[in-house]
Amino acid sequence: MRIVDARVIVTCPGRNFVTLKIVTDEGVTGVGDATLNGRELAVASYLRDHVVPLLIGRDPARIEDTWQYLYQGAYWRRGPVTMSAIAAVDTALWDIKGKVAGLPVYQLLGGRSREGVTVYGHANGETVEDVLVEVARYVDLGYRAIRVQCGVPGLPKTYGVSADKLFYEPADAALPSEATWSTARYLAHVPTVFARVRDEFGPTLRLLHDVHHRLSPIEAARLGRSLEPYALTWMEDPVPAELPEGFRLIRQHTTTPVAVGEVFNTIWDAAQLIREQLIDYIRTTVVHAGGITHLRRIFDLAALHHVRSGSHGATDLSPVCMAAALHVDLAIPNFGLQEYMRHTDATDEVFPHGYHYADGYLHPAETPGLGVDIDEQAAARYPYAPAYLPVNRLEDGTVHPW
Ligand code: KDG
Ligand code: MG
């Protein structure tokens, strides 16, 4: 079998998605997500101009060899653009391998290690009262884990707190909007929110919180300590993770578990944090960390060091990424949680898929391959629209330095 075509499809059914569709001479096709929020066209060009020509004529069965060829062969290794492009190829090849074998991809990864993939969604609101309503909504939907984000009194807008509810779209403008940040206001407010949530919903509901890289290590240590009475499952991205040493300081001061990794692209970004057991959950996912092949490598390293998976699954990760993530989640021994922010109806129409939610769990499709596709005619009705993530400034106007 040979690859005869690879199409890069950019579509905006409510938000931008970049998808690679690989076609073989025997008519078997595979899809991979290549979406990089706010930088979508860079990956589309990387694929179209520099990867697709290398794929034509290759044997689609050689997944590992193709991964190494694209990673080592580029000379310029790593980075979100390169790794999202490699991820798209890798994911599409696993889809093809599953279809050729007549098996869902999780069977090729070793088979089912659990009955379903436990997911969490975002309960967010401007006020604590709004947040309580949203937590109740997720509890009613059967969710067993809920991420809680609240507006901060005195700040006009807080990243991660959107008007959207079951889905989540932070890329809110054709040019980046700007938000204001105050660490003092934030640190004073967050523990009061969790106190109310625990009061209302009891001690066992799994609660999470995303700091979105806004703190320094000592500030994050203080937050973690102040949240200890509320027994969070994790505090996410407490500091920017370019400097793994910063996590040592957090660890010395708090028992609140730490999750990190949605912006990581390779095992090298995560290796020190995992090896030194500075984190509890690694949140890399298929599209931004080199596809199923490389994600599995990261999770295997994590499994040796008491670190569980917690893959990113916000709305900007397409249904193709979600489908692929679920196959990995079902198979690995050290699965922790999977983030699941739903897609809009328009997105679901463009990406017909067989995974489904029931009672707090997601279940991948049982059909051969990933169980997801792209409807190219529907995709063509939604042309690319520029959209950027906001920029954060301190109250004195400084671009937030970490
Ligand atoms: O594109 C950025 C979003 O995916 C990000 O803001 C979502 O932090 C996020 C999360 O944990 O879902
Ligand atoms: Mg996050």
Problem - Gaussian network model of the chain, Cα within-10 Å springs - most flexible of Ala136, Ala184, Ala324 - result: Ala184
Handout entry: Rounded to 10°, Cα long-axis angle of helix 291-303 versus longest principal axis of the chain
Key = 50 degrees
Practice task
Would you order Trp76, Trp67 from fewest to most other beta-carbon atoms within 10 Å of each residue's own beta-carbon?
Solution key: Trp76, Trp67
Problem - For Ala179, distant residues with modelled amide H under 5 Å away - result: Val391, Asn392, Arg393
Fill in the blank from the handout: Filtering GluC sites (Glu not before Pro) in region 242-290 by DSSP loop and by at most 16 other Cβ atoms within 10 Å leaves Glu242, Glu245, Glu276
Completion exercise
Out of Ile96, Ile274, Ile218, a Gaussian network model of the chain with alpha-carbon springs under 10 Å gives the largest mean-square fluctuation to Ile218
Practice task
Would you mind calculating the relative contact order of the chain from Cα pairs under 8 angstrom and at least 6 residues apart, reporting the percent as a whole number?
Solution key: 23 percent
Fill in the blank from the handout: The alpha-carbon center of region 326-402 and that of region 78-132 are separated, in whole Å, by 8 Å
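Tell me, what is the percent relative contact order of region 15-89, built from C-alpha pairs under 8 Å that lie six or more residues apart?
Relative contact order here is 38 percent.
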Fill in the blank from the handout: Applied in sequence order to region 105-113, the curve 6.51 cos²θ - 1.76 cosθ + 1.60 (Karplus, θ = phi - 60°) yields integer Hz couplings, x standing for Gly and Pro, of 4, 4, 5, 6, 8, x, x, 5, 9
Problem - Helical contribution to [θ] at 222 nm, DSSP H n ≥ 4, -39,500 (n - 2.57), averaged over the chain, rounded to 500 - result: -10500 deg cm²/dmol
Exercise for the section: Just check region 1-84 against the gyration tensor rule for me: Cα atoms, a ≥ b ≥ c as the square roots of the eigenvalues, rounded for a/c under 1.5, and otherwise prolate or oblate depending on whether a/b exceeds b/c. Expected result: oblate
Practice task
Treat the count of other C-beta atoms within 10 Å as a stand-in for reagent exposure and order Met341, Met235 from fewest to most.
Solution key: Met341, Met235
Exercise for the section: For Ala6, enumerate residues with amide H under 5 Å from its amide H, sequence gap 5+ or separate chain, H modeled in the peptide plane. Expected result: Val23
Exercise for the section: Specify the angular offset, from 0 to 90 degrees and rounded to the nearest 10, of the alpha carbon long axis of helix 128-140 from the longest principal axis of the alpha carbons in the chain. Expected result: 50 degrees
Handout entry: Relative contact order of region 185-247, defined on C-alpha pairs under 8 angstrom at six or more residues apart (%)
Key = 41 percent
Practice task
Order by neighbour count: Val31, Val8, Val139, fewest other Cβ atoms within 10 Å first, most last.
Solution key: Val139, Val8, Val31
Fill in the blank from the handout: Those GluC sites (Glu not before Pro) from region 323-402 that are DSSP loop and have at most 10 other Cβ neighbours within 10 Å turn out to be none
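Every read-out reported here was derived from the displayed coordinates using simple, explicitly stated rules and does not represent laboratory data. All values derive from a computational prediction rather than experimental measurement. Cβ atoms come from the backbone with ideal geometry, glycine included; neighbour counts cover every protein chain shown.
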